[in-house]
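Novice: Submitted below is the structure of interest, expressed as structure tokens.
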Amino acid sequence: MESQSNGKKIAVEFQTVAGSLKAKLECSPDTLLDNDEAAFYCKVKPNTMKNSRYTGKLGGVDAPAFVKIGRSISYRLDTLCTWRNQFTERTCTRPLANVARIDSKDSQPRSSRSCIDA
């Protein structure tokens, strides 16, 4: 019974964050997003976003810059857009063609196959 109420609570929180984010996306690029909205925009959990401020990494790359005003943390929408746009679109999960990788066993570079070679 309690897990069902937790599910409803999460759904309501999700709708609240999604609604406020949608309203802010219609504003200027200098719009500030709070941690939960930024996490939703970057498609990560809020705690992951919080940890990225400490580690400096998010999604395997440098974390987006944030604005600290007193104890409040915010992210500029244009900064998050720039961070998200650095990732390339792909048609499969295998490495891209002609990218040299080092095999962990013999530390020799080898050429990976492209998605098309499958």
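The values are calculated or read from the model by the stated rules, or taken from the named source; none is laboratory data. Since the structure is predicted, the reported quantities are computational estimates derived from the model, not experimental observations. Heads up, the Cβs are rebuilt from the backbone with ideal geometry, glycines too, and the neighbour counts pull from every protein chain shown. Note: accessible area is taken over every heavy atom of the protein model, side chains too, but ligands, DNA and RNA are not part of it. Shrake-Rupley method; radii C 1.70, N 1.55, O 1.52, S 1.80 Å.
Novice: Give region 68-91 a look and list any residue that's outside any helix (DSSP H, G or I) and either in contact with a Pro (Cβ under 8 Å, 6 or more places away or on another chain) or surrounded by 12 or more Cβ atoms within 10 Å (Cβ to Cβ) (or both), or say none.
Specialist: Selection gives I73, S74, Y75, R76.
Novice: Let me ask another. Scan region 53-62 and give yes if some residue there is in a loop (DSSP other than H, G, I, E, B) and in contact with a strand residue (DSSP E or B) (Cβ under 6 Å, 6 or more places away or on another chain), otherwise no.
Specialist: no
Novice: Name the residue, out of K9, K24, that is open to solvent by less than 100 Å² (accessible area, probe 1.4 Å), at pLDDT below 80, assigned to a helix (DSSP H, G or I) and basic (K, R).
Specialist: Checking each option against the conditions leaves just K24.
Novice: Can you find a residue in region 53-62 that is more than 19 Å from F87 (Cβ to Cβ), free of Cβ contacts under 8 Å to residues at least 40 places away in the same chain and surrounded by 12 or more Cβ atoms within 10 Å (Cβ to Cβ)?
Specialist: Yes.
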